[in-house]
Amino acid sequence: MPKQKKKTEFRTRHIDEQKTLNQKQVEVLIEAAKKTPIYLQVMFAVLMGLRRSEIIGVKYSDIDYINRTLHVERQLGKEIDVKTESSNRVIPIPDILFEAILEEKQKYEKNRKRRINDKNNPFFDGNYICCSTYGKPRSKDFHWKYFKQLLQENDLPDIRWHDLRATYCTILLKNDFNPKAVSK
């Protein structure tokens with residue numbers, strides 16, 4: 001006799017809730033991250049779904065301040081260009097993140113002016129958003145200890161950094177965004 005196979009539903013979404021944060025947990029994470037140097041990195045990951053290497057490659061020149069959009073065109077790390085051609089994209093910036101970027105730009109300019117004549121520790125004017133006080137882009141692992149500490153201190157699930165990207169997609173899908181649009 002032929003075996004009876006259990007049929008799976010066509011085009012169903014299976015969301016692993018243990019690897020993502022819900023809306024309330026995202027709000028807690030963002031609020032707690034304000035006091036850390038990875039605040040913008042958390043915001044880029046959870047509110048825009050950017051990869052870790054894309055976040056550290058974002059420059060102020062990538063932002064369209066009039067339309068409030070971000071053009072993702074590079075990543076730092078092993079490669080210089082984005083991971084795939086479809087990764088080269090324009091994404092709208094949420095208001096809360098746009099305001100945080102403007103505040104960070106003021107800090108950037110202040111540090112640049114302060115260190116302009118410093119011969120021992122000159123300012124690297126690379127125009128990176130997520131950078132040190134010397135203007136150098138953060139390493140891709142800079143966020144690690146702060147991120148794990150934030151999760152632990154706020155009783156959030158112990159997830160990986162990349163799971164913030166999955167959280168972004170999950171929240172969009174739960175709010176009835178088109179799956180094809182989310183994947184793009």
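The values are calculated or read from the model by the stated rules, or taken from the named source; none is laboratory data. Everything numeric in this text was worked out from a predicted model, so none of it was measured. Cβ sites come from the backbone with ideal geometry, for glycine too, and all protein chains shown count toward neighbours. What goes into the accessible areas is simple: the full protein's heavy atoms, side chains included, and nothing from ligands, DNA or RNA. Shrake-Rupley method; radii C 1.70, N 1.55, O 1.52, S 1.80 Å.
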Every residue from the range 88-124 that is farther than 22 Å from T69 by Cβ, assigned to a loop (DSSP other than H, G, I, E, B) and out of contact with any Gly (no Cβ under 6 Å at 6 or more places or on another chain): R115, I116, N117, D118, K119, N120, N121, P122
Could you list, in sequence order, all residues of the range 32-64 that are touching a residue at least 60 places away in the same chain (Cβ under 8 Å), assigned to a helix (DSSP H, G or I) and of a type in the set (A, V, I, L, M)? A32, A33, L40, V42, A45, V46, L47, M48, I55, I56
Which pairs do you get when a residue that is more than 15 Å from W161 (Cα to Cα), found in the range 16-31, comes within reach of a residue that is modelled with pLDDT under 90, reach meaning Cβ atoms under 6 angstrom, with the pair 6+ apart or on two chains? none
Output the number of the condition that F98 fails; it satisfies all remaining conditions of (1) open to solvent by 30 Å² or more (accessible area, probe 1.4 Å); (2) without any contact (Cβ under 8 Å) to a residue 40 or more places away in the chain; (3) under 14 Å from the mean Cα position of the chain (by Cα). (1)
Residue ID - farthest from P92 (Cα to Cα), chosen from residues in the range 151-184 that are open to solvent by less than 30 Å² (accessible area, probe 1.4 Å) and outside any helix (DSSP H, G or I): L156
Within the range 142-150, is there a residue that is in contact with a Gly (Cβ under 6 Å, 6 or more places away or on another chain), part of a helix (DSSP H, G or I) and either open to solvent by 100 Å² or more (accessible area, probe 1.4 Å) or in contact (Cβ under 8 Å) with a residue 24 or more places away in the chain (or both)? no
Could you say whether any residue in the range 115-125 is modelled with pLDDT of 90 or more, of a type outside the set (S, T, N, Q) and open to solvent by less than 90 Å² (accessible area, probe 1.4 Å)? no
